[in-house]
Amino acid sequence: NLNGGLELVLARGQLAPTTRDHLALVQAEVRRLTGFVETILDLSALEAGRLRLNPAPLDLSDVAARMSLAFAGQPAADRLRLALEPGLPVVLADDRALASVFFHLIDNAQKYAPTGAITVSAALHASGRVRVIVRDEGPGIPPEQRATAFERFQRLHNADDRAVYGHGLGLYMVRQLLRAQGSDIALAPGEAGAAFEFELPIAEVCDD
């Protein structure tokens, strides 16, 4: 209701610029709170075994393209780079869960790496799976925090900083969604920035 009401008010052309800016800030906060509530609900359902996942053949390029559109108008939009190996095989994953994985990883990057490229790469790995890496050019994760990066309510910056909002649930959610699909996530080695990698199985597609 709040989102709908704000959209109707903002659609009017008679608003003063200052009023419009204030309402846009309120709208951004409402959307942030909505995302937080949805994450909590999904986590509760996942941990209780009620979040039904339906793995199916997916084209990673389609999923990545949709993620690019999802971040349109946000700080990450101009910095997002897709580097998918040509001719990647179709992977087996739940569409909604995989989209959530990408969203949280990219959102995490735009929060903690305010400048530089955010690169989503994917390539066929020697393991016989497709390896995906989401890398940013920020300060990275300190060595003493790497072991707990994927735990619940862990944040790189715990100060009440309006410039970096977060609840420490994004990476935890990513790990739980991937584990529910028989995969996992880890910090990838690198000289700078933070890089997260995970693998997806190749789908067996029957030719008619």
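The values are calculated or read from the model by the stated rules, or taken from the named source; none is laboratory data. This structure is a prediction, so every number in the text was calculated from the model and none was measured. Reconstructed Cβ throughout: ideal geometry from the backbone, glycine too, with neighbour counts over all protein chains shown. For the accessible areas, the whole protein counts, side chains as well, though only heavy atoms, and no ligand, DNA or RNA atoms are used. Shrake-Rupley method; radii C 1.70, N 1.55, O 1.52, S 1.80 Å.
In percent, how large is the relative contact order of the chain, given Cα pairs closer than 8 Å and 6 or more residues apart?
That works out to 21 percent.
5 Å is the cut-off here: which amide hydrogens, built 1.01 Å from N in the peptide plane, fall below it relative to L80, excluding neighbours closer than 5 in sequence?
I118
How big is the charge dipole of the chain about its Cα centre, in debye rounded to the nearest 20, if each Lys and Arg gets +1 on its Cβ and each Asp and Glu gets -1 on its Cβ?
For this selection, approximately 540 debye.
HN-Hα J couplings of segment 36-44 from phi, Karplus 6.51/-1.76/1.60, θ = phi - 60°, integer Hz, Gly and Pro as x?
Listing the rounded values in order: 5, 5, 5, 5, 4, 5, 5, 5, 4 Hz.
For segment 1-116, calculate the relative contact order in percent as a whole number, restricting contacts to Cα pairs under 8 Å that are 6 or more residues apart.
In percent, rounded to a whole number, it is 26.
Compute the convex hull volume of the Cα atoms of segment 1-100, divide it by the residue count, and report the result per residue in Å³ as a whole number.
Convex hull volume per residue, Cα atoms: 137 Å³.
Roughly how much of D59 is accessible, in Å² to the nearest 10, using a 1.4 Å probe?
70
What accessible area per residue, rounded to a whole number of Å², is obtained for segment 8-96 using a probe radius of 1.4 Å?
Per residue, segment 8-96 has an accessible area of 65 Å².
Assuming R0 = 30 Å, what is the FRET efficiency of F36 and R66, from their Cβ-Cβ distance, to the nearest 0.05?
Plugging the Cβ-Cβ distance into 1/(1 + (r/R0)^6) gives 0.90.
How many percent of the accessible area of segment 1-106 is carbon or sulfur, using a 1.4 Å probe?
58
Of L124, L41, which has the most accessible area and how do the rest follow, probe 1.4 Å?
Of L124, L41, the descending order of accessible area is L41, L124.
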